[in-house]
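The values are calculated or read from the model by the stated rules, or taken from the named source; none is laboratory data. Computed from a prediction, not measured in an experiment: that's the story for all the values here. Heads up, the Cβs are rebuilt from the backbone with ideal geometry, glycines too, and the neighbour counts pull from every protein chain shown. Note: accessible area is taken over every heavy atom of the protein model, side chains too, but ligands, DNA and RNA are not part of it. Shrake-Rupley method; radii C 1.70, N 1.55, O 1.52, S 1.80 Å.
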Amino acid sequence: MAEQTAGSYAVSIAVQINFGGMLKEKVEQALEFIRQRTDLKPKAGIILGSGLGPFADTLKNRVEIPTRDIPHYPQSTVEGHAGALIFGTHKDVPLLAVKGRTHFYEGYSIQEVTFVIRIMQMLKIPLLMVTNAAGSVNPKLRPGDLMLITDHVNFLFQNPLRGPAEFGQPRFPDMSDVYTRKFFSAIDRIALDRGIALKHGVLWVNTGPTYETAAEVRMVQRFGGDAVSMSTVPEVIVAAQAGMKVIGVSCITNYATGIVAQKLSHDEVTETANRVKEKFTQLMSGIIEILNLL
Ligand code: HPA
């Protein structure tokens, strides 16, 4: 094997981060392709996690773009998660709904995982709504509950902003109000009006694809996490740098390992997500309805 020189090492690192320092160019090419299909100006980008995919099919005046057609767009490898960007309106609010997100555990770089947020940034979308499935490490959060994300812990040991600051400032984004606090009371009211018991909590993200060990869950508890997930936080970090407001909601699909004496399976996660998808859709729909007022 050829000896690795300092120079070749630097090149391989550059290729790993930001697609070799050309991320912006690639996003621009993707954007050009999208702009040939729609000129809608979405008020919000919404990333549809487990169980919420069908929401995209309810949008009016839909323009659906399969992600496999979009230049440089990373493809979801998760079964049944065909990727698509869906432009359309819900209650007259223009939206971009993202079906089939890509996850870090699929092997993509963290810049690839957040490619769609850079597209949203260049479309000047002011708000990101992000949803996911998460395991509860706090006995007060039960499977089937919905949790408004109030803050997060990034335990990926990776940050999507590492590398050239191609998208401009800030180099060191403030993270004190990432999940926009001024929206919380309006969202709580929407949940209350619909008879949905909306909890609040801190989302902890691990890389996956393993679920946690019981010891890891005890660590998350001691370090202030309420629910664990394998997604969302990278997207939110990029949105924060892009100056987007963020609303995050987790569907608690299971108790994390060790909280109850039971083995964990993906089936349990998808079954719970399917069971609560109606109330989840109702909550998201209620939030979208007031976006014009926020
Ligand atoms: N851990 C990590 N991610 C998850 C879980 C979990 O228990 N449930 C759904 N996504």
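Taking label points 7 Å from Cα along the Cα-to-Cβ direction, Thr270 and Arg142 give a separation of 2.6 nm. Sparsely packed loop sites in the stretch 185-294 (the trypsin sites (Lys or Arg not before Pro) outside DSSP H, G, I, E and B with at most 12 other Cβ atoms within 10 Å) comprise Lys263. Based on alpha-carbon atoms, the Kirkwood radius and the radius of gyration of the chain give Rg/Rh equal to 0.96. Applying both filters, DSSP loop and at most 15 other Cβ atoms within 10 Å, to the GluC sites (Glu not before Pro) of the stretch 152-252 gives Glu166. When +1 charges are put on Lys and Arg Cβ atoms and -1 charges on Asp and Glu Cβ atoms, the dipole computed for the chain relative to its Cα centre reaches about 680 debye. When the chain is treated as a Gaussian network with alpha carbon springs shorter than 10 Å, the biggest mean-square fluctuation among Thr89, Thr207, Thr38 belongs to Thr38. What a 1.4 Å probe finds exposed on the chain is 52% carbon and sulfur by accessible area, rounded to a whole percent.
Entry note, the chain: relative contact order of 24 percent, from Cα contacts under 8 Å with a spacing of 6+ residues. Local charge for Phe104 was computed over the other residues whose Cβ lies under 14 Å away, with Lys and Arg +1 and Asp and Glu -1, and equals -1. For Lys199, a cut-off of 27 angstrom between C-alpha atoms picks up these lysines, skipping any fewer than 8 places away in its own chain: Lys43, Lys91, Lys99, Lys140, Lys182, Lys245, Lys263, Lys277, Lys279. Considering only Asn292, Pro66, Leu52, and ranking their Cα positions along the charge dipole of the chain that arises from unit charges at the beta-carbon of Lys, Arg, Asp and Glu, the one farthest toward the positive end is Asn292. Projected onto their three principal axes, the Cα atoms of the stretch 81-225 cover extents of 40, 39, 34 Å, largest first. Heavy atoms of the protein chains alone define the surface here; on that basis the stretch 55-139 has 37 Å² accessible area per residue at 1.4 Å probe size. Legend: calculated FRET efficiency, Thr210 to Ala82, from the Cβ-Cβ distance at R0 = 35 Å, rounded to 0.05, equals 0.90. 3J(HN,Hα) along the stretch 146-160: 10, 10, 6, 6, 9, 5, 9, 10, 8, 10, 8, 6, 9, 9, x Hz, from the Karplus curve 6.51 cos²θ - 1.76 cosθ + 1.60 with θ = phi - 60°, whole Hz, x for Gly and Pro. For the pair Ala165 and Met22 in one chain, pulling the backbone fully straight at 0.36 nm per residue adds 50.4 nm over the alpha carbon distance.
The calculated FRET efficiency for Arg189 paired with Arg62, based on their beta-carbon distance and R0 = 35 Å, is about 0.75.
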